[in-house]
Amino acid sequence: MPTPAEGPDEINWHDGVLVDLRISGFAEGEQEFTLIVDLYPDADVHAPRRRYLCIGTNVSRFVMSGDIGRLLKNRSSGNIDLLRMEYTADTEILVVCLFGGTIEVEARSFRLMESTT
(Lines give C-alpha, C1' and ligand atoms only; values in the text may rest on other atoms or scores of the structure.)
Protein backbone atom coordinates (compact mmCIF):
# COMPACT_ATOMS: atom_id res chain seq x y z
CA MET A 1 0.00 0.00 0.00
CA PRO A 2 1.44 3.42 -0.95
CA THR A 3 2.30 5.89 1.78
CA PRO A 4 1.38 9.59 1.50
CA ALA A 5 4.09 12.00 0.38
CA GLU A 6 3.98 15.67 -0.54
CA GLY A 7 2.14 17.30 -3.42
CA PRO A 8 3.59 16.51 -6.85
CA ASP A 9 5.24 19.93 -7.10
CA GLU A 10 6.88 19.76 -3.66
CA ILE A 11 9.55 17.27 -4.72
CA ASN A 12 12.20 17.71 -7.41
CA TRP A 13 11.41 15.55 -10.45
CA HIS A 14 14.61 16.43 -12.37
CA ASP A 15 16.56 13.30 -13.38
CA GLY A 16 13.70 11.10 -12.26
CA VAL A 17 12.76 8.02 -14.24
CA LEU A 18 9.38 7.42 -15.90
CA VAL A 19 8.56 3.79 -15.11
CA ASP A 20 4.96 3.44 -16.27
CA LEU A 21 1.73 5.33 -16.87
CA ARG A 22 -1.88 4.24 -16.80
CA ILE A 23 -5.23 5.70 -17.70
CA SER A 24 -8.21 3.88 -16.28
CA GLY A 25 -11.90 4.19 -15.57
CA PHE A 26 -13.31 4.67 -19.05
CA ALA A 27 -16.07 2.16 -18.30
CA GLU A 28 -16.79 3.79 -14.95
CA GLY A 29 -17.81 7.23 -13.75
CA GLU A 30 -14.40 8.63 -12.81
CA GLN A 31 -11.27 8.47 -14.93
CA GLU A 32 -7.89 8.16 -13.20
CA PHE A 33 -4.37 8.83 -14.46
CA THR A 34 -1.40 7.22 -12.71
CA LEU A 35 2.27 7.94 -13.26
CA ILE A 36 4.79 5.57 -11.72
CA VAL A 37 8.13 7.31 -11.32
CA ASP A 38 11.43 6.85 -9.53
CA LEU A 39 12.49 10.17 -7.95
CA TYR A 40 15.18 11.44 -5.63
CA PRO A 41 13.42 12.07 -2.29
CA ASP A 42 15.58 15.13 -1.54
CA ALA A 43 18.51 17.14 -2.93
CA ASP A 44 21.02 14.31 -2.42
CA VAL A 45 21.47 12.85 -5.92
CA HIS A 46 23.78 10.19 -4.50
CA ALA A 47 20.92 8.64 -2.54
CA PRO A 48 18.91 5.99 -4.38
CA ARG A 49 15.74 7.04 -6.16
CA ARG A 50 12.48 5.94 -4.57
CA ARG A 51 9.32 4.79 -6.32
CA TYR A 52 6.33 7.15 -6.27
CA LEU A 53 2.79 7.06 -7.64
CA CYS A 54 1.33 10.32 -8.90
CA ILE A 55 -2.43 9.90 -9.22
CA GLY A 56 -4.86 12.31 -10.86
CA THR A 57 -8.59 11.78 -10.25
CA ASN A 58 -11.54 12.82 -12.39
CA VAL A 59 -9.37 13.39 -15.46
CA SER A 60 -10.87 15.74 -18.03
CA ARG A 61 -8.02 15.99 -20.54
CA PHE A 62 -4.68 14.42 -21.37
CA VAL A 63 -2.06 14.95 -24.06
CA MET A 64 1.04 12.81 -24.43
CA SER A 65 3.81 12.63 -26.95
CA GLY A 66 7.05 10.76 -26.75
CA ASP A 67 9.93 9.19 -28.53
CA ILE A 68 10.26 5.73 -26.96
CA GLY A 69 13.86 5.31 -28.13
CA ARG A 70 14.94 8.58 -26.47
CA LEU A 71 13.00 7.77 -23.27
CA LEU A 72 14.71 4.38 -23.03
CA LYS A 73 18.13 5.80 -23.88
CA ASN A 74 17.85 8.42 -21.12
CA ARG A 75 16.29 6.20 -18.46
CA SER A 76 19.47 5.33 -16.51
CA SER A 77 20.49 8.97 -16.03
CA GLY A 78 16.88 10.08 -15.69
CA ASN A 79 14.41 10.70 -18.50
CA ILE A 80 12.38 13.34 -16.61
CA ASP A 81 13.50 16.94 -17.03
CA LEU A 82 10.94 18.69 -14.85
CA LEU A 83 7.41 18.78 -13.50
CA ARG A 84 5.24 21.88 -13.50
CA MET A 85 1.82 22.27 -11.90
CA GLU A 86 -0.76 24.79 -13.15
CA TYR A 87 -4.07 25.57 -11.48
CA THR A 88 -7.50 26.67 -12.65
CA ALA A 89 -10.51 27.43 -10.46
CA ASP A 90 -11.65 23.78 -10.56
CA THR A 91 -8.72 21.68 -11.80
CA GLU A 92 -5.01 21.05 -11.60
CA ILE A 93 -2.82 20.59 -14.66
CA LEU A 94 0.23 18.36 -14.39
CA VAL A 95 2.93 18.96 -17.01
CA VAL A 96 5.90 16.58 -17.13
CA CYS A 97 8.67 17.52 -19.54
CA LEU A 98 10.66 14.44 -20.50
CA PHE A 99 13.94 13.92 -22.30
CA GLY A 100 12.02 12.51 -25.24
CA GLY A 101 8.47 13.79 -24.81
CA THR A 102 5.79 15.57 -22.78
CA ILE A 103 2.86 14.49 -20.61
CA GLU A 104 0.05 16.94 -19.80
CA VAL A 105 -2.97 15.90 -17.74
CA GLU A 106 -5.85 17.97 -16.35
CA ALA A 107 -7.70 16.50 -13.39
CA ARG A 108 -9.70 17.55 -10.36
CA SER A 109 -6.64 16.90 -8.19
CA PHE A 110 -3.31 15.08 -8.03
CA ARG A 111 -1.61 13.36 -5.14
CA LEU A 112 1.88 11.92 -4.83
CA MET A 113 2.48 8.83 -2.72
CA GLU A 114 5.60 6.85 -2.04
CA SER A 115 5.18 3.23 -3.01
CA THR A 116 5.98 0.59 -0.42
CA THR A 117 6.53 -2.17 -2.99
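The values are calculated or read from the model by the stated rules, or taken from the named source; none is laboratory data. Since the structure is predicted, the reported quantities are computational estimates derived from the model, not experimental observations. Heads up, the Cβs are rebuilt from the backbone with ideal geometry, glycines too, and the neighbour counts pull from every protein chain shown. We work out accessible area using only protein heavy atoms, side chains counted, and drop any ligands, DNA or RNA first. Shrake-Rupley method; radii C 1.70, N 1.55, O 1.52, S 1.80 Å.
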So, with a 1.4 angstrom probe, what is the percent of accessible area on region 1-62 that is carbon and sulfur? 50 percent
Which residue, 21, 112, 11, has the largest displacement toward the positive end of the dipole of region 6-117 when charges sit on each Cβ (Lys, Arg +1; Asp, Glu -1)? 21
Ranked order, 30, 106 - accessible area, probe 1.4 Å, largest first: 30, 106
Intensity falloff of the chain expressed as log10 I(q)/I(0), Debye formula with alpha-carbon point scatterers, at q = 0.10, 0.12, 0.15 Å⁻¹: -0.28, -0.40, -0.63
Rounded to whole Å², per residue accessible area for region 13-117 with a 1.4 Å probe reads 54 Å²
Whole-number percent relative contact order across the chain, with pairs defined as alpha carbons under 8 Å at least 6 apart: 34 percent
Sites matching chymotrypsin sites (Phe, Trp or Tyr not before Pro) across region 12-117 that sit in DSSP coil, with at most 11 neighbouring C-beta atoms within 10 Å: 26
